[in-house]
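Trainee: Below: one structure in structure tokens.
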Amino acid sequence: MKMLKLLVFVLLLTWLFSACKKDSVNYDGFTPNLPTAGNGGTESGSGNGNVGSAEYYFKAKINNIQVTWAVDDQRSHWAEGISNATSIDNDIITGSYGGSISSAEVFMVNEPRITFFFKTFHFVGFDDRVLAFENFVKTGPQVFAANGNLDIGKKEVFVQYIDKNKVEYSTAGFQTNSFFNVESVTIVPAQPGLPEKLKIKLKIQCTLYPTSGTGNTMQLTDGEAVIYIKLD
């Protein structure tokens, strides 16, 4: 029996069930389609590239506008999360594992968001799956994927960016003067009720294409992020 499951974006928000909505948000300075810097939260660096002591973050210039998304302890502005697509056919596991940084300002509104996908994980059997996952992502330069498909035998990366208006972009397109480099991979041991994670620091420069096929591309430069991925 073949089971296909899609685990859509999961946010780790401490206030998820305790609040319905926060105050109105000014995203100026955090999204590339806004020309002026604003006050979208001093704890997130105010768009100046300073992430402070944040463990997880994303910062870059998108069309030469600085974006700085730093996750604070309360996840009051930005939050880390995952987005996995896995297929399990008997004991054959095939998957794509993504780590995200997204907006946490408004209850159940996760845009803007950026997700870095690592694919394709392919493994037969469950006994050594954790060990295989620990060795899934290696440091060094990565190859951009042409799409988000699960292509067995290929180790690639795929980036998805969704702006505050829910317009989606990705790296599915010709990449020139682009790079995706994994700087470090740290195994975060499992805790009671929480599986093991891979904490990944990366640097990136790329072209983002609108997935609708219409509209202008965007240039992401000086990109850096710390995210994590984990097994289902």
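The values are calculated or read from the model by the stated rules, or taken from the named source; none is laboratory data. Please read these numbers as outputs of a predicted model, since none were measured by experiment. Note that each Cβ is placed from the backbone with ideal geometry, even for glycine, and that neighbours are counted across all protein chains shown.
Trainee: Tell me whether the stretch 190-204 contains one or more residues that are surrounded by 14 or more Cβ atoms within 10 Å (Cβ to Cβ), polar (S, T, N, Q) and assigned to a strand (DSSP E or B).
Mentor: no
Trainee: When you check GLU183 against the structure, is it touching a residue at least 12 places away in the same chain (Cβ under 8 Å), out of contact with any Phe, Trp or Tyr (no Cβ under 6 Å at 6 or more places or on another chain) and part of a loop (DSSP other than H, G, I, E, B), yes or no?
Mentor: No: the conditions fail for GLU183.
Trainee: Which condition breaks for SER184 when tested against (1) at pLDDT 95 or above; (2) surrounded by 13 or more Cβ atoms within 10 Å (Cβ to Cβ); (3) under 15 Å from GLY99 (Cα atoms)?
Mentor: If we test SER184 against (1) at pLDDT 95 or above; (2) surrounded by 13 or more Cβ atoms within 10 Å (Cβ to Cβ); (3) under 15 Å from GLY99 (Cα atoms), just (2) comes out false.
Trainee: Name the residues in the stretch 205-232 that are of a type in the set (S, T, N, Q) and part of a loop (DSSP other than H, G, I, E, B), would you?
Mentor: Within the stretch 205-232, THR211, SER212, THR214, ASN216, THR217 meet the criteria.
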